[in-house]
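Only one structure is covered here, and it is reproduced in the block below.
The values are calculated or read from the model by the stated rules, or taken from the named source; none is laboratory data. Please read all numbers here as calculations on a predicted model, not as lab measurements. Cβ sites come from the backbone with ideal geometry, for glycine too, and all protein chains shown count toward neighbours. Remember, those area values only see protein heavy atoms, side chains included, never the ligands or the DNA or RNA. Shrake-Rupley method; radii C 1.70, N 1.55, O 1.52, S 1.80 Å.
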Amino acid sequence: MSLRILHVLDHSTPLHSGYTFRTLSILHQQHRLGWETIHLTSPKQGPTTVLQDKVDGLTFYRTPSQEGVGLMSQMGLTARRLSEVVQLTRPHLIHVHSPVLNALPGLWVARRQRLPLVYEMRASWEDAAVDHGTTQEGSLRYRVSRALETFALGQADQITTICEGLRNDIMLRGISADRVTVIPNAVDPGLFTLGREVDPALRQSLGLDGATVVGFVGSFYGYEGLNLLIVAVQKLLPRYPDLRVLLVGGGPQDSSLKAQVAAAGLQGHVIFSGRVEHAQVQRYYALMDVLAYPRLPTRLTELVTPLKPLEAMAQGRMLVASDVGGHRELIQHGETGFLFRAGDAGALAQAIHDVLIRRARWPQIQAQARRFVERERTWACSVDRYRAVYQQALSARGHSQLVST
């Protein structure tokens, strides 16, 4: 009998985010292991009256929602819909993914249905709220959010998280180490071409012919520090007049970044491509000489490892990244990439300069980065860790062994 896992998600494809890309990678790899997956999205997927749809070959159950629904109502809607889906699909196990707004309804349903529950904390709810500007650290809302997160962690049968920084934070809340497993972010190396050739038509359309290109691919959140990248470009232009910055993506900082570029008179040097379909992203990566990840030092960036630097390393792209904890966990300075002092535009400019003048070392560093990904950060390796997690959760609730070994 195949293990049947019900995944409860904040949102999913067709929405595009690092969250959805991680989810799809996990699901596809679990199918390769012979497991059956069921998928429910929360009201955060957006207003809908559709109860079920099929995207990317996967069936998703949706939670009907309306604009302006409060947090308590969101959790109530999720709990009711989750109860319905459990009755329809009869899973062996519930696997809820961040935020805690999913974990609390998941716990309520799991206990009523006597099902084991695994909680995957991809980021702590209170710290994500701070970094998105909706909560102040130390405020009453922050303390309540942290208390709810800690409660959910304490009640889950097993916990997974994405990196050692978050694992340490979970254990500081009094959670036993044997209940917390890191399932790190990863990539499928087969989907990323090492040394992909540049698309000349795309390069010309973006005005990048003859340019040295520093790039960023991802969401434009404040904590990504992209404003520092624009300042760094200004510092570098006298030495590198052909330098261009290519920003691929979009997000809350889109307008402010464009205003910063206009105020600095850098419209010809900073190019905004807009959002790009994930299947097309490699064409844009290939245009970039150096990838820049100038994340600012916050609790979230110190604890959480991002996915995008792994994609860059899988393609053998050169990269510079701020020395926040999440980057230090991924990047070995001088071996697979280069780190610079977080929050310092001058240090970022110097790091880009140092990389550009050391082109003779690029092939060695690119090969080392690719080997690191192939050895330690493939989805096959990461997802295989769920075997022990699921079996321990099932055993804790008195269920027979369903996880193949």
Regarding Lys235, is this residue basic (Lys, Arg) and open to solvent by less than 50 Å² (accessible area, probe 1.4 Å)? no
Matching residues, segment 208-241, being basic (Lys, Arg) and part of a helix (DSSP H, G or I): Lys235
Considering residues of segment 36-95 that are hydrophobic (A, V, I, L, M, F, W, C), in contact with a strand residue (DSSP E or B) (Cβ under 9 Å, 6 or more places away or on another chain) and open to solvent by 80 Å² or more (accessible area, probe 1.4 Å) only, the residue farthest from Thr20 (Cα to Cα): Leu88
Give me a count of the residues in segment 161-220 that are closer than 17 Å to Leu291 by Cα and among the small types (Gly, Ala, Ser). 5
Within the set of pairs 6 or more residues apart or between chains, which connect a residue that is open to solvent by 30 Å² or more (accessible area, probe 1.4 Å) inside segment 360-373 to a residue that is polar (S, T, N, Q) with Cβ atoms less than 6 Å apart? Gln368/Thr336
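Regarding segment 126-135, can at least one residue be identified that is at pLDDT 95 or above, at negative phi, crowded, with 24+ Cβ neighbours inside 10 Å and of a type outside the set (Ser, Thr, Tyr)? Working first, answer last.
Of all residues in segment 126-135, those at pLDDT 95 or above come to none.
For segment 126-135, residues at pLDDT 95 or above, at negative phi, crowded, with 24+ Cβ neighbours inside 10 Å and of a type outside the set (Ser, Thr, Tyr): absent.
Would you pick out the residues in segment 197-207 that are outside any loop (DSSP other than H, G, I, E, B) and open to solvent by 20 Å² or more (accessible area, probe 1.4 Å)?
First, the residues of segment 197-207 that are outside any loop (DSSP other than H, G, I, E, B): 200-205.
Within segment 197-207, Pro200, Ala201, Arg203, Gln204, Ser205 qualify.
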Residue check, Glu302 over 30 Å from Leu93 (Cα atoms) and not basic (Lys, Arg): yes
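So, in segment 374-391, how many residues would count as being assigned to a helix (DSSP H, G or I), open to solvent by 70 Å² or more (accessible area, probe 1.4 Å) and out of contact with any helix residue (DSSP H, G or I) (no Cβ under 8 Å at 6 or more places or on another chain)?
To start, the set of residues in segment 374-391 that are assigned to a helix (DSSP H, G or I) comprises 374-376, 379-383, 386-391.
Filter once more, so that each one left must be open to solvent by 70 Å² or more (accessible area, probe 1.4 Å): 374-376.
Subset that is out of contact with any helix residue (DSSP H, G or I) (no Cβ under 8 Å at 6 or more places or on another chain): 375-376.
Qualifying residue count for the region: 2.
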